[in-house]
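Here is the structure we will look at, set down as structure tokens.
The values are calculated or read from the model by the stated rules, or taken from the named source; none is laboratory data. None of these values were measured; they are calculated from a predicted model. Here the Cβ positions follow ideal geometry from the backbone for every residue, glycine too, while neighbour counts run over all protein chains shown. Heavy atoms of the whole protein, side chains included, go into the accessibility calculation; ligands, DNA and RNA do not. Shrake-Rupley method; radii C 1.70, N 1.55, O 1.52, S 1.80 Å.
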Amino acid sequence: MRASLHHIIVVCLLTGAVFVPSPAQQPAILSDPQIQQAIEEIVRQQKGPGDVAEITDYLQQLQRHPVNLNTASRDDLARLLFLNDFQIASLLEYRKETGPLLSLSELQLVYGFDREVIRRIRPFITLTPGQPADEGKRLSPLRQEALARVRFYTEKEQGYLPPDLPGDEEIFNGYRGSRPGLLLRYALDAGNRLHAGVVADKDPGEPFFRDVNRQGFDFYSWYLQWSPRRGWLRQVNIGHYHLRFGQGLLLWNGFSISRPSALLDPDRHAPEVRYASSSVENNYLQGVSLVLGKGNFSVTPFFSWARRDARLLPAGTDDTSHLVIVSFPSSGLHRTPTEIARKGAAAETTAGLRLAWSRDNLSVGLNGLYTSWDHVRLPEEKPENALLFRGREVLAGSLDYRFMLRRLSLFGEAALNNHGKGAFLQGIRWYLSPLVTTSLLVRSYAAGYYAPYAHAFARGGRVNNERGITAGLQVRPLSNLTLAGYMDYFRFPWLRYGIAAPSGGTEAGASVSWVPAGELRVDLQYRYETLAHNASPPEGNLPEVVLQSRSHLRLQVSYPLTGTLTATNRLDLTRAAAAEEGLPQHGFFVCQDLSYHPSHIPLSLILRLGLFDTQYLTRIYTYENDLLYAFSTPALTGKGMRWYITGRLPLTRHLQAGVRIAQTLYYDRETIGTGLSSVPAPHRTEVKAQIRMKF
């Protein structure tokens, strides 16, 4: 059976194809190889999907209400995440000199715009003539959407309570809930002025209408955002919301279209204040925020109170009555008694203020943030934690700016907390010509710096204990050819988890994107990095810190086969080696996907067959097409096959059904996982079914 499957894959790969994700399932921009690689990088660093799913919601909303390039202000154009400050300024200047654009092809005459930029923003823009500049101030027709999704694994994990267990459930340390995961989502909007919604979520293994979740779902979220855009009141948010200020040294919730490799613009772009619509159970604020403004000046006060998952332990061996916060788990899973005990264990209060001023090509922001908990935060006594924040409250502030000087774009932020620890980031992007762009970014984060919601450009994943400098270069020698490269040098002045001494490393990468004609596209990407890690020490000795190198090569070719069938070929090769630790490890992943959209029926099918052979150090994260508002980016480790099929079928004008089946089949093991998550089989199969209603 295994040999037959292997032969099937080889034959399919030789015949030629993989997929371009369907716009009917996800926004078309998510088929961009650089965007997919950015998502893979986010998942790799966060060890989970984080708020990646919010990207889909934002792009869907932007696609429903596109930006009118002929009437849009600077703030309106900033909603297009794929435009940088220089391109926005260049478009405004062109419009001022020549008047409204007459066609999309005219965008190629705007300095800083090329085919690739136009391709990325095309689904989110319009050139409709005669629309007034204040079109966004009128209340659009109400649009509503309801979505229900169920997901489960066909193989039963060891953590589920056997139905015939004769003992008391209270002593069972496994999963306290049922196997299916459930999601309900309701949203309504009226253009860009009004957004409201409710999200209810239960992960597999969590109780449902029983035990600690007698109210039903494990997680509830709701939001209301109103943007009157008249007078001094610009926006109101109630419920769950996200704030993204400056470069993220002080406060950045949710998603951002940026990544540490700097293949994309290192300057961060995202709406400063936006409702939180995803089912991610952390990294959001809960309360009220306002945006007040007049002319070029704005004030954003905000307040939040929420219970956070926390790991609590006694303050000392002799004092068990006082608990301290050791860490904040971020998985959002509440299946076992241990996980359930950490649910909402700490109360968090957050308040702050942003003062912002902008005019023409200059914007400045002054930010303040206060956060407190009902328990003292006290990390575990480990050498790498010696300089981490300790206390019940933190007060921090930052100053950020952006400035355009002709072809030079400057941006940066400096932050300081009440413990005297600071963080600094400064970037520059220089448009030497329409064909050549360079960038440079310098960062310095003190080992003791801490802001609860800081999320900035960082190789180590956290905004502390890091110094680095990154340089990037992008060249477009032809209108259909883009070359890009970068190098990042970084140091960690203090110890880190798994590294017993101050360390550092380098990362370098290059990419080639070629779009010769139509939908044919070729992308080649290479990344090489060196990192320090602890080598296995002789018995009784301290671990020795050695350098470990990793490299990753990816080739992806996308092209249409027929008018209804689209294809892409993809190959990943990885290598990892550590000094004095034997032979290097190698890995590969090759896959074939097909996207089928028949013209005679409203059906959409997306399929993938993939083969992988990797080890832990050479594991490969791979983006997969999923149902709407869902993401899948599995880490492939071991030897086996990965396949999935995603289908969508409109049942009526307002009702749409979707199904996804995905399986990982291993050739090198008979069981998968360990402990409660172990499965007594060499395969793991996930099934998702979704109903979406629009009215």
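Below, the figures for the structure above:
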quantity	calculated
Residue satisfying all of: in the range 275-298; part of a strand (DSSP E or B), within 30 Å of LEU183 (Cα to Cα) and among the polar types (S, T, N, Q); least open to solvent (accessible area, probe 1.4 Å) among these	SER289
Output for the range 471-492, where each listed residue is over 17 Å from GLN525 (Cβ atoms) and open to solvent by less than 20 Å² (accessible area, probe 1.4 Å)	PHE490, PHE492
Conditions (1) of a type outside the set (A, V, I, L, M); (2) within 20 Å of ARG143 (Cβ to Cβ); (3) open to solvent by 60 Å² or more (accessible area, probe 1.4 Å); (4) not in a strand (DSSP E or B); number of the one not met by PRO228	(3)
The lone exception for TYR629 - which of (1) open to solvent by less than 40 Å² (accessible area, probe 1.4 Å); (2) assigned to a strand (DSSP E or B); (3) out of contact with any Gly (no Cβ under 9 Å at 6 or more places or on another chain); (4) in contact (Cβ under 8 Å) with a residue 24 or more places away in the chain it fails	(2)
Search result, residues across the range 88-115 that are open to solvent by 30 Å² or more (accessible area, probe 1.4 Å) and either touching a residue at least 40 places away in the same chain (Cβ under 8 Å) or farther than 15 Å from SER73 by Cα (or both)	GLU97, THR98, LEU102, SER103, LEU104, SER105, GLU106, GLN108, LEU109, TYR111, ARG115
So GLN556, is it under 21 Å from SER595 (Cα atoms) and outside any loop (DSSP other than H, G, I, E, B)	yes
Residues that are more than 17 Å from LYS421 (Cα to Cα), open to solvent by 70 Å² or more (accessible area, probe 1.4 Å) and not in a strand (DSSP E or B), drawn from the range 373-407	GLU381, LYS382, PRO383, ARG406, ARG407
Residue, modelled with the lowest pLDDT, within the range 487-500, restricted to residues that are among the aliphatic types (A, V, I, L, M) and within 19 Å of GLU529 (Cβ to Cβ)	ILE499
Subset of the range 305-363 that is basic (Lys, Arg) and outside any strand (DSSP E or B) - its residue that is surrounded by the most Cβ atoms within 10 Å (Cβ to Cβ)	ARG335
Residue check for VAL376: among the aliphatic types (A, V, I, L, M), modelled with pLDDT of 90 or more and under 23 Å from PHE328 (Cα atoms)	yes
Number of positions in the range 659-695 that are outside any strand (DSSP E or B), touching a residue at least 12 places away in the same chain (Cβ under 8 Å) and under 17 Å from GLU157 (Cβ atoms)	10
Selection from the range 232-255 of residues that are at positive phi and either modelled with pLDDT of 95 or more or assigned to a strand (DSSP E or B) (or both)	GLY239
Unique match (being over 29 Å from PRO452 (Cβ atoms), free of Cβ contacts under 8 Å to residues at least 12 places away in the same chain and of a type in the set (Lys, Arg)) among ARG214, ARG176, ARG230	ARG214
Condition check for PHE612: open to solvent by 20 Å² or more (accessible area, probe 1.4 Å), within 24 Å of ILE661 (Cα to Cα) and touching a Phe, Trp or Tyr at 6+ places or on another chain (Cβ under 8 Å)	no
Residue list for the range 642-657, restricted to those being open to solvent by less than 10 Å² (accessible area, probe 1.4 Å) and not β-branched (Val, Ile, Thr)	TYR644
